[in-house]
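Asks: Let me give you the structure first, and then I'll get to my questions.
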């Protein structure tokens, strides 16, 4: 099922057991922020991106290494080199994603990001070394920026796809098929939002962090919150602005976010996460956040 109908989605999703696959990745990969700088094309539809003078390349590289060290305490993490010609490449989950034994390559909206999809070393790592089958969506015309646009409940095979300039309905359908999902709910993001994973995180199939002002339709917020109740957490505008919605679980017992997001969490959010069985772990990423994304954007999962 792929639909905009929240009632139909909720009825269908409620019948989906948590047996679709592992709720968390078995490994992750990063791309180093070599050539870290403001990409003007990306800035045209990313309201979170800072002005060029706020970009600190050395600081971003140091924080990225800290992220690698931190995540590696929970699972294997590979880091590929960056390229000064692709300044947004430190956010690889928009371009590359995996499902069991499959590498999926997305179609980026902006040409500066389309360059990332052609790198052979990353493709060869999965197809040649790991034997994954490649599903290449990068050559068709519909934008579909993978796990930036599509937040996936891997335990149940459910997708939440926010539509914007970065993903249209045809792109959503292509991703739904590529990931082999049971059901995908499509909805419009609020004006000014560019990616779903900035306003929504599904944590190991047990909880959700939701930024209500990031959705055009409040009914979508209620649908997702109710589905993950009592752990469907509505974040405050301050938590939203601090990238608390751009979080990820890489183990059954923790949720990772930036230090800024961690500091912005309310006592209620922190308590609900604890009740859901999650400990908050964080690293400083303020230099990286100048590029308009945070911790979740940096992490591409290996299933």
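Just so it is clear, none of the values below were taken in a lab; they were calculated from the coordinates. Note that the structure is predicted; figures quoted are calculated from it, not measured. Quick reminder, even Gly has a Cβ in these numbers, built from the backbone with ideal geometry, and neighbours come from all protein chains shown.
Asks: Roughly what would the spin-label model give for residue 226 and residue 111, points 7 Å off Cα along C-beta, in nm?
Replies: 4.7 nm
Asks: Right, here's the next one. Suppose we take every Cα in segment 191-248 and form the convex hull; what volume per residue is that in Å³?
Replies: Once divided by residue count, the hull of segment 191-248 is 67 Å³.
Asks: Please compute the Cα-Cα pair-distance distribution of segment 2-302 with 10 Å bins starting at 0, giving whole percents from short to long.
Replies: 7, 31, 40, 20, 2, 0
Asks: Can you work out the FRET efficiency for the pair residue 142 and residue 78, with r the C-beta to C-beta distance and R0 = 35 Å, to the nearest 0.05?
Replies: Computed FRET efficiency for residue 142 and residue 78: 0.75.
Asks: How many nm separate the modelled label positions at residue 219 and residue 47, each set 7 Å beyond the Cα in the direction of the Cβ?
Replies: With each label point 7 Å from Cα toward Cβ, the separation is 2.3 nm.
Asks: So for the pair residue 259, residue 124, with labels modelled 7 Å out along Cα→Cβ, what separation do we get in nm?
Replies: Taking the simple label geometry, residue 259 and residue 124 are separated by 3.8 nm.
Asks: Using r as the Cβ-Cβ distance of residue 26 and residue 190, and R0 as 35 Å, what FRET efficiency do you calculate, to the nearest 0.05?
Replies: Values: r = 34 Å, r/R0 = 0.97.
Efficiency, from the Cβ-Cβ distance: 0.55.
Asks: For segment 103-203, state the semi-axes of the equivalent ellipsoid (square roots of 5 times the eigenvalues of the alpha-carbon gyration tensor), sorted largest first and rounded to whole angstrom.
Replies: Each semi-axis is √(5λ); the values are 22, 17, 11 Å.
Asks: Now a separate question. If each DSSP helix of 4+ residues adds -39,500 (n - 2.57) and the sum is divided by the residues in the chain, what number results at 222 nm, nearest 500 deg cm²/dmol?
Replies: Roughly -7000 deg cm²/dmol at 222 nm, from the helical runs in the chain.
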